[in-house]
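The values are calculated or read from the model by the stated rules, or taken from the named source; none is laboratory data. Computed from a predicted model, the values in this text were never measured in an experiment. Neighbour counts are summed over all protein chains in view; Cβ atoms, including those assigned to glycine, are modelled from backbone coordinates with ideal geometry.
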Amino acid sequence: MRTTQGKSVTLALLLSSGLLVACAHPPEFQAAEKYKDVKVLFDKSGCPVKVTPDKPLVLSRTRLEGVQWEAVGPGSSDISVFFDPFQQATPAQFQARGKVVRSGPIAPKAPASANGVEYKYTIVAKDCPQAPLDPLIIVKN
């Protein structure tokens, strides 16, 4: 059985190899055909404290689904979201900030299965001194 730490290492390796390819051939951003909404809830100090829905999102690689993250709450600020296996993930897209951030669809070669593969993604707030928020997404075929 693979652990979350093992999956994180795998994701880090996929991310770094994807970034190397993206740097060599930066593709155009492709919008997803359908988006699932995630609200990133902030506390008064300007830090993300949770996401809703609170269960991991389940995305289909074959349906070209993406995610739209929106910062909400009393101290909400611009966010950056770091996650790959979305298509056309380039360093510039990883640095995109805003109160609303959209992904592209899941990359066709991203690891997925009928039961789903778990991925962590990271939400970083502009002025938050705390550790980033790391919710889960499950990718299925």
ask   = What about Arg97, is it closer than 21 Å to Asn141 by Cα and modelled with pLDDT under 90?
value = no
remark   = Scanning region 39-65 for residues that are assigned to a strand (DSSP E or B) and of a type in the set (Gly, Ala, Ser) gives Ser60
note = Of the residues in region 113-128 that are small (Gly, Ala, Ser) and surrounded by 13 or more Cβ atoms within 10 Å (Cβ to Cβ), the one that is modelled with the lowest pLDDT is Ala125
request  = Please work out which one of (1) part of a loop (DSSP other than H, G, I, E, B); (2) modelled with pLDDT under 85; (3) surrounded by fewer than 18 Cβ atoms within 10 Å (Cβ to Cβ) is the condition Ala110 fails and give its number.
outcome  = (3)
ask   = Looking at (1) modelled with pLDDT under 90; (2) part of a strand (DSSP E or B); (3) small (Gly, Ala, Ser), which is the only condition Ala31 fails?
value = (2)
inquiry  = For region 53-69, check the following and say yes or no: at least one residue is modelled with pLDDT of 90 or more, surrounded by 15 or more Cβ atoms within 10 Å (Cβ to Cβ), touching a Pro at 6+ places or on another chain (Cβ under 8 Å) and more than 16 Å from Lys36 (Cβ to Cβ).
reply    = no
